[in-house]
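Report on the structure given below.
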Amino acid sequence: MSLLDHHTRMFAYDRWANAEVIAALRNSDTPPPRSLRFMAHLLAAERLWLGRLQRDPTPVAVWPDLTLAQCEARQDEMARLWPEYLGALRESSLGERVEYVNSKGEPWRSAVGDILTHVVTHSAYHRGQIATDMRAAGATPPYTDFIHAVRKGLVP
């Protein structure tokens, strides 16, 4: 498996896991506000990083106040945009460095492959926070471990 194929697979996992969390939030009596906030942030950060990768300077709020319906719409958007981006990417592009300014106004340069890895791990981190928060609120979070998705054939 090439490194690009690996990243494509990880984004398929990310797409599935995000959809599972949104479904669990939708199925809870009242989505815990903190969980919804983490989900909104996770999706906003994915959009922000995709914009950086595409050299699009359009600002994205990092901690937006989104409703569950807005999170669902953002998830649908990202489920379409990431495969489009990855499908057009070349293996040789993974080492290219992207210049951007972070949310603190600091200039940085990062490799495309490192950014892709960060996006997936950042999302997994926040899905873990959502799971903890949902349990604390008496709700049942979804099981979104990568190995679970692979075992069940949910990720190619």
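Report, by residue number, each residue of segment 1-39 that is assigned to a helix (DSSP H, G or I), among the aliphatic types (A, V, I, L, M) and either in contact with an Asp or Glu (Cβ under 7 Å, 6 or more places away or on another chain) or more than 18 Å from residue 129 (Cβ to Cβ) (or both). Spell out how you get there, then give the answer.
Of the residues in segment 1-39, the ones assigned to a helix (DSSP H, G or I) are 3-27, 33-39.
Now narrow it down to the ones that are among the aliphatic types (A, V, I, L, M): 3-4, 10, 12, 17, 19, 21-25, 36, 39.
Result: 3, 4, 10, 12, 22.
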List pairs: first in segment 58-86 and surrounded by 16 or more Cβ atoms within 10 Å (Cβ to Cβ), second in a helix (DSSP H, G or I) and acidic (Asp, Glu), Cβ under 7 Å, 6+ apart or cross-chain?
-> 78/46
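Of the residues 69, 61, 88, only one is within 27 Å of residue 139 (Cα to Cα) and of a type in the set (A, V, I, L, M); which? Working first, answer last.
Working: 61 fails: within 27 Å of residue 139 (Cα to Cα); 88 fails: within 27 Å of residue 139 (Cα to Cα).
Answer to the selection: 69.
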When you go through (1) surrounded by fewer than 14 Cβ atoms within 10 Å (Cβ to Cβ); (2) over 14 Å from residue 141 (Cα atoms); (3) not aliphatic (A, V, I, L, M) one by one for residue 7, which number turns out not to apply?
-> (1)
Inspect all residues belonging to segment 120-133 and state whether any of them is within 14 Å of residue 20 (Cα to Cα), aromatic (Phe, Trp, Tyr) and surrounded by fewer than 19 Cβ atoms within 10 Å (Cβ to Cβ).
-> no
If a residue has to be touching a residue at least 24 places away in the same chain (Cβ under 8 Å) and under 19 Å from residue 119 (Cβ atoms) to count, how many in segment 1-36 make the cut?
-> 19
Tally, over segment 1-58, of residues that are small (Gly, Ala, Ser) and under 14 Å from residue 86 (Cα atoms) = 3
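Which residues, taken from segment 87-97, are assigned to a helix (DSSP H, G or I) and surrounded by fewer than 16 Cβ atoms within 10 Å (Cβ to Cβ)?
Step one: of segment 87-97, the residues assigned to a helix (DSSP H, G or I) are 87-88, 91-95.
Scanning segment 87-97 gives 87, 88, 91, 92, 93, 95.
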Among the residues of segment 98-139, which ones are free of Cβ contacts under 8 Å to residues at least 40 places away in the same chain, farther than 30 Å from residue 30 by Cβ and assigned to a helix (DSSP H, G or I)?
-> 114
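Any read-out appearing in this document is the output of simple, stated calculations on the displayed coordinates, not a laboratory observation. Not measured: the values here are computed from a predicted model. Backbone-built Cβ (ideal geometry, glycine too); neighbour counts: all protein chains shown.
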